[in-house]
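Below is one structure, written out as structure tokens; the observations come after it.
The values are calculated or read from the model by the stated rules, or taken from the named source; none is laboratory data. A quick note: this is a predicted structure, and the numbers were derived from the prediction, not measured. Neighbour counts run over all protein chains shown; Cβ positions are idealised from the backbone, glycine included.
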Amino acid sequence: MRTRNLSRSARLVAGAAAAALVLAACGSDDGDGGDGGDPGGNGDSALAGQEITIGVFNGWDEGIAASYLWGHIFEQEGATVTYEFGDPVFVFEGVANGNYDISFDAWLPSTHEDYWAQYGDQIEDLGAWFTEAPLTIAVNEDAPITSLTELADNADAFGNRLVGIEPGAGLTRITKDEVIPTYGLEGMEFLESSTQAMLSELQNATDAGDDVVVTLWRPHWAYAAYPIRDLEDPEGALGDPEKIHSFGRSGFAADFPEAAEWLQNFTLTSDQLLAIEDIMVVQNAASSDQEYADSIDQWVEANPDFVSQATGM
């Protein structure tokens, strides 16, 4: 069983679609101990009959991908999975107070350091599943500059605007507190909006052949969808590449030791994640569960061993 609370455009569906990946990859069972009321359920699994609620960050595609991927693995093992979407602060709070069991998108050590400091003693670190995740400032590939050191002097070329995402995002905080003062960008308008709005601005500008500068991060499907590149950050204002962690409520590993062990060993490569996003967002523009499933089927056919490797089954 799945429930979702979604309020994003079709373009922000890459991660959500990743759930269907497991349905195709795990669909064949040996028939022993199947849970009769749960298609594909595994009655021998420690997860059979359990309920798991996953907190998912709105608009963070890589986390949506991991959330739905593992949600389907949990379902395949007989659990009932619920997805609850919200901004990072609400997801961290939900995991910390036990309303959500797990989430998959803590960027550490910098982006979510405030939330980690506030809630760290109430959550369990379940391991990093992606280890090279830099924050970026991106421009169209034919922009007249290559470095953040040049942006202030060429602000007019970009309409004197730096397009950001949600006000509460760690990337927004780092841009305001580190990037803008480091590179003297106080004279530019910093637009705090949403990931969806930033991507819309990016698409409109690149379609029109206009210069645009946006806050972004890797991995992200936008790098395959649009002609963009990163500005150099010689002062390191955006920080070093980060690691993306799964984290659970206090007691998660004790309650779900099998799942916790899988998650400690779970990784996705950049190529895997971007390939999933490319199929769903760039190629198929998926916007429904069936379209998500069809897109992921394409990826699973090319990666038939992924789920067995992730779970050791």
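The residues on offer are Phe247, Phe252, and the sole one that is under 30 Å from Val179 (Cα atoms), modelled with pLDDT of 75 or more, buried (at least 22 other Cβ atoms within 10 Å of the Cβ) and of a type in the set (Phe, Trp, Tyr) is Phe247. May I ask you to verify whether Gln272 is under 18 Å from the mean Cα position of the chain (by Cα) and either at pLDDT 75 or above or within 20 Å of Ala106 (Cα to Cα) (or both)? For Gln272, the condition - under 18 Å from the mean Cα position of the chain (by Cα) and either at pLDDT 75 or above or within 20 Å of Ala106 (Cα to Cα) (or both) - is met. Can you find, within region 88-135, the residue that is surrounded by the most Cβ atoms within 10 Å (Cβ to Cβ) among those that are polar (S, T, N, Q) and within 13 Å of Ile244 (Cα to Cα)? The qualifying residue surrounded by the most Cβ atoms within 10 Å (Cβ to Cβ) is Ser103.
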